[in-house]
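The values are calculated or read from the model by the stated rules, or taken from the named source; none is laboratory data. In this text, all values refer to a predicted model and were calculated from it rather than measured experimentally. Here the Cβ positions follow ideal geometry from the backbone for every residue, glycine too, while neighbour counts run over all protein chains shown.
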Amino acid sequence: MTRLLPFPIISFCLLALWLLLNQAITFGHILLGCLVALVGGRILTILELPPVRVRRAGIILRLLRMVVMDIVRSNLAVGRIVLGFGRRQRRSGFVEIPLDMRDPYGLASLAYIITSTPGTLWVNFDAQRGALTIHVLDLVDEEEWIRTIKDRYERHLLEIFE
């Protein structure tokens, strides 16, 4: 069974997504959706993803709450910048952050957190040096950004994944 459906949850989600996008549940759409689900699941076996090892799942909720609060706060700050409140000179720039994390799922989670937060963007990760480069819309203090990423996000992700 695992040869036919190596990732059954992902295959089911692909089928559901196919039916939602087509907004019809007909025999033809179900048949095509099953084909997409089977092929999509088989393609993931080519990627040879490492197994996920979550050590402390309870921290996920704390991190999620923190990320949601940061996204709301950042939305308000970017809104003030776009609307022109607080007319001080803005300086955007790049910040290089040394990371201790090497787990691919932890890095992917950090990329999602940084990119989904308005005003910041994941630019590059140099795996050999362990250096992350991000772009910040309103860069005031580079050291503050380094502390924020390492203390608020990386520390929690290290506890979850490594």
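Just checking, which of 109, 74, 116 is over 18 Å from residue 54 (Cβ atoms), within 14 Å of the chain's Cα centre (by Cα), modelled with pLDDT of 90 or more and not charged (D, E, K, R)? Outline the logic, then answer.
Values: 109 fails: over 18 Å from residue 54 (Cβ atoms); 74 fails: within 14 Å of the chain's Cα centre (by Cα).
Just a single option satisfies the conditions, and that option is 116.
What do you reckon, is residue 130 modelled with pLDDT of 90 or more and among the small types (Gly, Ala, Ser)? Walk me through it before giving the result.
Values: modelled with pLDDT of 90 or more: yes; among the small types (Gly, Ala, Ser): yes.
Yes, satisfied.
Determine which member of the set 109, 92 is under 28 Å from residue 57 (Cα atoms) and among the small types (Gly, Ala, Ser).
Criteria check complete, one pass: 109.
Limited to region 63-91, what total is found for residues that are touching a residue at least 40 places away in the same chain (Cβ under 8 Å) and surrounded by 12 or more Cβ atoms within 10 Å (Cβ to Cβ)?
Count: 10.
Check 98, 104, 50 and return the single one that is within 18 Å of residue 162 (Cα to Cα) and surrounded by fewer than 10 Cβ atoms within 10 Å (Cβ to Cβ).
Every option except 50 fails the conditions.
If a residue must be among the basic types (Lys, Arg) and free of Cβ contacts under 8 Å to residues at least 12 places away in the same chain, how many such residues does region 20-43 contain?
Count: 0.
Within region 119-142, track down each residue that is in contact with a strand residue (DSSP E or B) (Cβ under 9 Å, 6 or more places away or on another chain) and loosely packed, with under 13 Cβ neighbours inside 10 Å.
Passing the criteria: 124, 126, 129.
Provide a single number: the residues in region 39-83 that are more than 25 Å from residue 13 (Cβ to Cβ) and of a type in the set (A, V, I, L, M). Even if it seems obvious, please write down each step before you answer.
As a first pass, look at region 39-83 and keep what is more than 25 Å from residue 13 (Cβ to Cβ): 55-56, 58-59, 62, 65-66, 69-70, 72-83.
From the residues that got through so far, the ones that are of a type in the set (A, V, I, L, M) too are 59, 66, 69, 72, 76-78, 81-83.
Count: 10.
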